[in-house]
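Colleague: Have a look at this one.
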Amino acid sequence: MGRKKGTEKTGGRKKGTPNKTTQTAKEWISETLCANWKQMKSDLKDLEPKDRLQLLFKLLEYVVPKQRETSNNIKFEDLTDEEMDELINKLTNGISDENETK
């Protein structure tokens, strides 16, 4: 059984203290990548285009954050005419009418 709710934490790492093992692993990975950069670039060029793209997409996951799906539930019947016009303008911003382009 754990401690009762509201009981102050005792022992262990303080909040915000970095994990030493994680930091050591990150440093080792960084050093290994830097030391072998030329070889890795060469190996990447030797891959088939399909394999090269697959690897690059996998690596992108560690650099570019994944986008989360978002949803908005808009009750159009609750919008005023002004709010509806503003929404339409925002949604159509940058879309030109076919007649204007001809």
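Colleague: Looking at the range 40-80, which of the residues that are surrounded by 10 or more Cβ atoms within 10 Å (Cβ to Cβ) and of a type in the set (Asp, Glu) is farthest from LYS26 (Cα to Cα)?
Modeller: Of everything passing the filter in the range 40-80, ASP51 is farthest from LYS26 (Cα to Cα).
Colleague: Being surrounded by 10 or more Cβ atoms within 10 Å (Cβ to Cβ), assigned to a helix (DSSP H, G or I) and not small (Gly, Ala, Ser): is that true of GLU83 here?
Modeller: Answer is yes for this residue.
Colleague: Shifting gears a bit: Can you tell which of THR22, THR10, THR17 is hydroxyl-bearing (Ser, Thr, Tyr), loosely packed, with under 10 Cβ neighbours inside 10 Å and over 27 Å from the mean Cα position of the chain (by Cα)?
Modeller: None of the other options fit; the residue is THR10.
Colleague: Could you grab the pairs with beta carbons closer than 8 Å, sequence gap of 6+ or different chains, first residue in the range 48-74 and without any contact (Cβ under 8 Å) to a residue 60 or more places away in the chain, second one among the aliphatic types (A, V, I, L, M) and assigned to a loop (DSSP other than H, G, I, E, B)?
Modeller: What qualifies is LEU55/LEU47.
Colleague: If I filter the range 26-39 for residues that are exposed (fewer than 10 other Cβ atoms within 10 Å of the Cβ) and among the β-branched types (Val, Ile, Thr), do I get at least one hit?
Modeller: No, every residue in the range 26-39 fails to be exposed (fewer than 10 other Cβ atoms within 10 Å of the Cβ) and among the β-branched types (Val, Ile, Thr).
Colleague: Tell me, which helices (runs of 4 or more DSSP H) lie completely within the range 8-65 with 1 or more residues that are of a type in the set (A, V, I, L, M, F, W, C) and in contact with a strand residue (DSSP E or B) (Cβ under 6 Å, 6 or more places away or on another chain)?
Modeller: none
Colleague: Which residue out of LYS20, LYS15 is basic (Lys, Arg) and touching a Lys or Arg at 6+ places or on another chain (Cβ under 9 Å)?
Modeller: Answer to the selection: LYS15.
Every number here is computed from the coordinates shown, using simple stated rules; none is lab data. These numbers were taken from a predicted model, which means no experiment stands behind them. Please note: Cβ atoms are built from the backbone with ideal geometry, for glycine as well, and neighbour counts cover all protein chains shown.
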